[in-house]
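Below: one structure, written as structure tokens.
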Amino acid sequence: MKLFEREAPKTNLRQPQPSVLPTKPELSVSARYKGSRIGGDYYDFFTISDTRTIFLLSDVAGKREEALHIAAAVQDSMRELATELLSDEDANVAEGVTKLVLELNRTVMQTAGGVRSAPTFLACLDEQFGLMHYDSAGHTPAFIKSDGDVTQLDPTGFPLGLFSHATHDAQVSVAQPGSSIVLVSKGLIESTAGRQEFGVGRVREVLEQQVFSSAQDVCHELLERAVKFSEQGSSFGPYFSIAGFRSSHEPNDQTVVCLMRLAQAAAAASS
């Protein structure tokens, strides 16, 4: 009697190309992660023109190999379509970002062969005008720190990969010179100490209380705070999880992405 059958190994699984941080005089860009890389955290940047940069952070559900295969397809689609939709200086950026997200939703489902949750934050930053058009498809909140104030950008729709006819509409926010745009993964938010999670509240608190001189400083501080929180317990006070439940026993990847508009260079570019 055959008690079990070993699953045949999957072949032809791809991985996305390594992400390359943009090198622009008016931007400081950084991305850091901690974890066993068992999950599907995927971040990427793509320079469309001298003044426009596309970036995203996505968490594709499933085993790492399958998740990275889907991420590779997303990367291909994003880089091809972003150029087509947003490279023209007269392009309607809001419309272009909306179309791009809709196509990436189709890419996730087609590559996965069905439903596959992929919470994703995607944005196009226009450094000339200081505008960020974005779509937060079921992703953990993003943040913009500007002049000591922190603005929280909550999800605007369902995660990618769930519904073939899901609708998405790009939103717009201002990222003036000196501002920092910060993305964090679900794994960082759900870092646990006892029965408490690090949570969105602590991310806000770190951003509000600290002064940062570079995107690298932002990523380092947030990641270190989350790691110490998990290792030593909470010293920040009572916050509650936005998810309403604890993460799995196996720790998830913790990822932070930051784009900082350098004040003097950004002001010169916009003028």
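Numerical summary
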| read-out | value |
| --- | --- |
| Partners for Lys63 among aspartates and glutamates (Cα-Cα distance below 15 Å; same-chain residues under 8 apart left out) | Glu7, Asp41, Glu250, Asp253 |
| Volume of the Cα convex hull of the stretch 87-155, divided per residue and given in Å³ | 89 Å³ |
| Inter-centroid distance (Cα atoms) of the stretch 157-236 relative to the stretch 54-128, Å | 20 Å |
| Hydrodynamic radius (Kirkwood) for the stretch 133-229, which is based on Cα pairs only, to one decimal in Å | 14.6 Å |
| For Gln254, net neighbour charge (Lys/Arg +1, Asp/Glu -1) across residues whose Cβ lies under 10 Å away | 0 |
| Contour excess over end-to-end distance, with Cα ends at Gln210 and Ala263 and 0.36 nm allotted per residue | 17.4 nm |
| FRET efficiency for Asp147 and Thr51, using Cβ-Cβ distance with R0 set to 25 Å, rounded to 0.05 | 0.65 |
| Proximal charge balance of Val172 [Cβ under 11 Å; K/R count +1, D/E count -1] | -3 |
| Lys, Arg +1 and Asp, Glu -1 on Cβ, resulting dipole of the stretch 45-175 about Cα centre, debye, nearest 20 | 620 debye |
| Globularity ratio of the stretch 4-158, using Cα Rg and 2.2 N^0.38 Å | 1.10 |
| Amide H contacts of Phe45 (H built 1.01 Å from N, under 5 Å, at least 5 apart or other chain) | Val20 |
| Most positive-pole-ward Cα, Pro119, Gly157, Thr107, against dipole of the stretch 98-171 from beta carbon charges | Thr107 |
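Throughout, read-outs are computed from the coordinates displayed, never taken from laboratory work. Being a predicted model, the structure only gives us computed values, none of them experimental. Note that we place each Cβ from the backbone using ideal geometry, even for glycine, and neighbour counts take in every protein chain shown.
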